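In what follows, a structure is listed as structure tokens, so that the remarks can point back to it.
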Amino acid sequence: MDYSFILKNAWLIPGIPFISFLFIGLLIRQFSKRATGIIATCSVFASAFFACWLAWDYYHLFHSGESAAIVPWGFEWLTYQDILRVNIGVFVDPISVLLMLVVTIVSALVHLYSIGYMDGQAGYARYFTFLNLFTFSMLGVVVAPNILQLFICWELVGLSSFLLIGYYYERPSAVSASKKAFIVTRFADLFFWIGILILGYFGYQMFGGIGPEAGANLGPFDFLYLNSPAVTGKLAELQTPFWGMNLLTLSMIFVFIGAAGKSAMFPLHIWLPDAMEGPTPVSALIHAATMVVAGVYLVARLFPAFAFSMDALLVVAYVGAFTSIFAAIIGCTQDDIKRILAYSTLSQIGYMMFALGVATMIHSLGYTASMFHLFTHAFFKALLFLAAGAMIHAVHSNEIWDMGGLARKMPITHLTFLIATLAIAGVPPLAGFFSKDEILAAALGNHHTNIYLLGLVVGGLTAFYMFRIYFVTFWGKPRSEACEHAHDAPMIMTLPLIILAIFSAVAGFVPMSHFIHIGNPLEHHGIDFAIATRASLAALIGIGIAYLFYGVRWNVVGFLTKKLSIPYMIIKRKFFIDEVYLFITKKIIFRFVAVPIAWFDRNVVDGGVNLSAWSARSMGSVLKNLQTGQVQTYGAFFINGAIAVLLLLWFYLSY
């Protein structure tokens, strides 16, 4: 098949940031710290250019009747006696093209913004080196043609986030947050790896590595193989001893645990708010288009396999729905602007997850809606974080109660933040309105009425806590000396805000159902005005309550917090989930599991090693006496030995 230049060289999209990472990490940062920011930023802009070019070419290829899923570039990495075949390559299909666009565009703007935000900070070159690595790692996840390549890049994403969250390593809180993120996601990845092994081993045992639906010789870990109905159907026939689940359901639940860890789904959400210890542009990159949506992308990538097991899809739906409302409730009480946005991210990722969970191969609107919301959310959430960074940069505080009156002081930041706030609240005609409408329509259309109603409530809560931030920070009078002298950030920081604001306004008009779909792409035409009206009403109610509480000078909040002091305290303390984890780990696991294991390690494992060393040392002390270097000693040994041999011989012959 004769592909265009960019399709044949699609490796350039993840490859350029990787080459830049090596170049600036090993060479440039040693000579010019400022050049690292420029080179790192230019490399990601180049990657974004090639991603746009690829999307344009792929769109025309897709509509010309060619195969929708292609691997235009790749090479064989591992092979073993026709049992195992693993290729490294670039997998191009509608959702990988979509994610390549989102990741590169948002990452490029974050890089540009970071040049101004990180100026003068220690570790400037180190920051851009890690940022390039992060971008490459996420793109590696997106373009992986098989689950092993995805897992390798998945772990690189975890490493990169660990390095960036702990960027301010002199702060104990940053070190603790980076370790927390790394440990929680690694715990989840253990289950992900078990799920991968189940899929690969049993898939190969049944079909010998031949992808029956793809009509090609595929490795047992290739997505075209794992998503084929023949493989998933056979896996669904094999029963396991675990609660009557079949093998497909068990493996998909294990894979979903890995996805839930990376996307911070309940109860593995605890690392995400603490990840705010990293620089604000890092928070924008992690929470917008990259790390946290990796779990959503994984479920979407294996959606045909998930869809063959309705039980696994129900787990996805209900975990996503619960996380969505759980995080939204907590977000209403937080005072750190970055933490509020972090809980907002948890809630919106929950939206994307339950959209996938309510979809089926026949009625796949939820699949399309999830990817649509991932697309729109990336722009307005990145904008919210970067605008918050500009505010923090001006006020020197993360607390919303240290701000106030910033609308007059920072007009560009105010306008762009307002656009993003309206977009995430689902106010028409901004981007979030369209993607949320499709998610709610998918839930109601597939008879998940309870999830649909919960989605409406979450929409109202989202509007409330986002406009709580807006009214407290931009309205009223300045609450600090820093607010009095605040001003908009330099153009290198405000330009990404303006570009993201434009995307947040118009991204909803992209006809996503024409590009991203499984099954019948024509099952949903345009806006469902009944659902859209209810969703818009929920958003307006949330905005109205936020205005009543924080936009006017009535002491409504003080009155309610006194009357509802106990529920308010429980929510503000995040339902004590962190305390529960600390109790389980320190009081139970450490005391009853870690302490005995540590004793066994010190006394048995180390004791065994020490015993062998002592034995060797003692034997050496004895044997060294045989190597004296004196002829008379050796002669005495010889004579005594000879006498001993003669005595033994005489004793043997006598009896």
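Here are some notes:
- Checked against (1) in a helix (DSSP H, G or I); (2) open to solvent by 10 Å² or more (accessible area, probe 1.4 Å); (3) of a type in the set (D, E, K, R), ARG479 meets all criteria but (1).
- Selection within region 86-99: residues that are within 30 Å of TYR201 (Cα to Cα) and in a helix (DSSP H, G or I). The member of this set that is most open to solvent (accessible area, probe 1.4 Å) is PRO94.
- Hey, ILE19 farther than 21 Å from GLN149 by Cα, out of contact with any helix residue (DSSP H, G or I) (no Cβ under 7 Å at 6 or more places or on another chain) and not acidic (Asp, Glu) or not: no
- Any chance LEU454 is at pLDDT 90 or above, in a helix (DSSP H, G or I) and open to solvent by 10 Å² or more (accessible area, probe 1.4 Å): yes
- Selection status of SER43, at pLDDT 95 or above, of a type outside the set (Phe, Trp, Tyr) and crowded, with 21+ Cβ neighbours inside 10 Å: yes
- Summed over region 470-514, the residues that are within 26 Å of ALA369 (Cβ to Cβ) and among the aliphatic types (A, V, I, L, M) give a count of 9.
- Yes/no for LEU313 being within 13 Å of the chain's Cα centre (by Cα) and among the hydrophobic types (A, V, I, L, M, F, W, C): no
- Residue in region 586-594 that is in contact (Cβ under 8 Å) with a residue 60 or more places away in the chain and either at negative phi or not basic (Lys, Arg) (or both) present: no
- Odd one out for ALA10 among (1) open to solvent by less than 30 Å² (accessible area, probe 1.4 Å); (2) part of a helix (DSSP H, G or I); (3) within 30 Å of ILE516 (Cβ to Cβ): (2)
- Subset tally (residues that are touching a residue at least 60 places away in the same chain (Cβ under 8 Å) and within 22 Å of LEU99 (Cβ to Cβ)) for region 114-143: 13
- The residues listed here are MET512, MET466; of these, the one that is crowded, with 22+ Cβ neighbours inside 10 Å, modelled with pLDDT under 90 and not small (Gly, Ala, Ser) is MET512.
- Taking residues in region 364-390 that are in contact (Cβ under 8 Å) with a residue 60 or more places away in the chain, and partners anywhere that are assigned to a helix (DSSP H, G or I) and among the basic types (Lys, Arg), the pairs with Cβ atoms closer than 9 Å and at least 6 places apart or on different chains are ALA369/LYS436; HIS373/LYS436; THR376/LYS436; PHE385/LYS338; ALA388/LYS338; GLY389/LYS338.
- Filtered by the rule that a residue be over 28 Å from ASN87 (Cβ atoms), of a type in the set (A, V, I, L, M, F, W, C) and open to solvent by less than 10 Å² (accessible area, probe 1.4 Å), region 110-167 gives VAL110, MET118, ALA125, PHE128, LEU131, LEU164, ILE165.
- Taken over region 52-85, the residue count meeting the criterion of being assigned to a strand (DSSP E or B) and either at pLDDT below 80 or open to solvent by 30 Å² or more (accessible area, probe 1.4 Å) (or both) is 11.
- With respect to the conditions (1) of a type outside the set (S, T, N, Q); (2) open to solvent by less than 10 Å² (accessible area, probe 1.4 Å); (3) in contact with a helix residue (DSSP H, G or I) (Cβ under 6 Å, 6 or more places away or on another chain), PHE434 lacks only one, and its number is (2).
- Flag for THR360 being at pLDDT below 95 and surrounded by fewer than 24 Cβ atoms within 10 Å (Cβ to Cβ): yes
- Candidates are the residues of region 496-522 that are more than 16 Å from LYS381 (Cα to Cα), of a type in the set (A, V, I, L, M, F, W, C) and part of a helix (DSSP H, G or I); the one that is farthest from the chain's Cα centre (by Cα) is PHE509.
- Among residues of region 173-188, those that are open to solvent by 10 Å² or more (accessible area, probe 1.4 Å) and either closer than 17 Å to GLY123 by Cα or not in a helix (DSSP H, G or I) (or both), counted: 1
- Pairs linking a residue in region 303-315 that is touching a residue at least 40 places away in the same chain (Cβ under 8 Å) to a residue that is among the small types (Gly, Ala, Ser) and crowded, with 22+ Cβ neighbours inside 10 Å, with Cβ atoms under 6 Å and 6 or more positions apart or on different chains, are PHE306/ALA312; LEU313/GLY357.
- Restricting region 580-610 to residues that are among the aromatic types (Phe, Trp, Tyr) and more than 23 Å from PRO267 (Cα to Cα), the residue that is surrounded by the fewest Cβ atoms within 10 Å (Cβ to Cβ) is TRP599.
- Any hit, region 410-424, residues being closer than 21 Å to ALA108 by Cα and more than 29 Å from the chain's Cα centre (by Cα): yes
- Failed item, numbered, when PHE637 is tested on (1) open to solvent by less than 100 Å² (accessible area, probe 1.4 Å); (2) within 27 Å of TRP271 (Cα to Cα): (2)
- Selection within region 560-585 - touching a residue at least 24 places away in the same chain (Cβ under 8 Å) and among the acidic types (Asp, Glu): ASP578
- The number of residues in region 26-51 being part of a helix (DSSP H, G or I) and either without any contact (Cβ under 8 Å) to a residue 24 or more places away in the chain or under 29 Å from LEU98 (Cβ atoms) (or both) comes to 18.
The values are calculated or read from the model by the stated rules, or taken from the named source; none is laboratory data. This is a predicted model, so every value here is computed, not measured. Note that we place each Cβ from the backbone using ideal geometry, even for glycine, and neighbour counts take in every protein chain shown. Just so you know, the surface numbers come from the protein's heavy atoms only, side chains and all, with ligands and any DNA or RNA stripped out. Shrake-Rupley method; radii C 1.70, N 1.55, O 1.52, S 1.80 Å.
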